[in-house]
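Worksheet: the structure to be examined is printed underneath.
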Amino acid sequence: MSIAYTGRTRKADVPYRWCNDVQALAASVDYLVVCASGGSDTRGLINAAVLAELGRYSIFTDMIMSPKRDPRVKSGFQRS
């Protein structure tokens with residue numbers, strides 16, 4: 001399994017593949033795990049455009065449900 005990441009700044013000492021933004025990250029992974037601080041900086045970070053980039057069998061996990069997810073994006077999720 002390969003690991004990719006994105007964030008505010010690219011880390012020079014991290015061996016993982018960097019993606020310029022969360023939408024590009026979502027397009028390139030099977031598992032999207034979001035670990036980000038809450039607040040106005042990340043409000044709506046995970047929106048319909050990001051989720052549309054995930055594949056049919058991709059898994060999305062938000063480690064802390066917060067304002068990062070656009071509240072209008074609820075349909076189409078399947079709970080397991």
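Results for (1) in a loop (DSSP other than H, G, I, E, B); (2) under 21 Å from MET1 (Cα atoms), shown as yes or no for each residue.
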| residue | (1), (2) |
| --- | --- |
| ALA26 | no, yes |
| VAL29 | yes, yes |
| VAL33 | no, yes |
| SER37 | yes, no |
| GLY44 | yes, no |
| GLY55 | yes, yes |
| THR61 | no, yes |
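Filtering the range 4-12 for residues that are modelled with pLDDT of 95 or more, assigned to a loop (DSSP other than H, G, I, E, B) and polar (S, T, N, Q) leaves a non-empty set.
As a summary of the residue check, PHE60 satisfies the conditions (1) modelled with pLDDT of 95 or more; (2) surrounded by 11 or more Cβ atoms within 10 Å (Cβ to Cβ) except for the one numbered (1).
Of the residues contained in the range 29-39, one or more are found to be over 13 Å from the mean Cα position of the chain (by Cα), modelled with pLDDT under 95 and surrounded by fewer than 17 Cβ atoms within 10 Å (Cβ to Cβ).
The values are calculated or read from the model by the stated rules, or taken from the named source; none is laboratory data. Note that the coordinates shown come from a computational prediction; the quantities given were computed from them, not determined experimentally. Because the Cβ atoms are built from the backbone with ideal geometry, glycine has one as well, and the counts that use them run over all protein chains shown.
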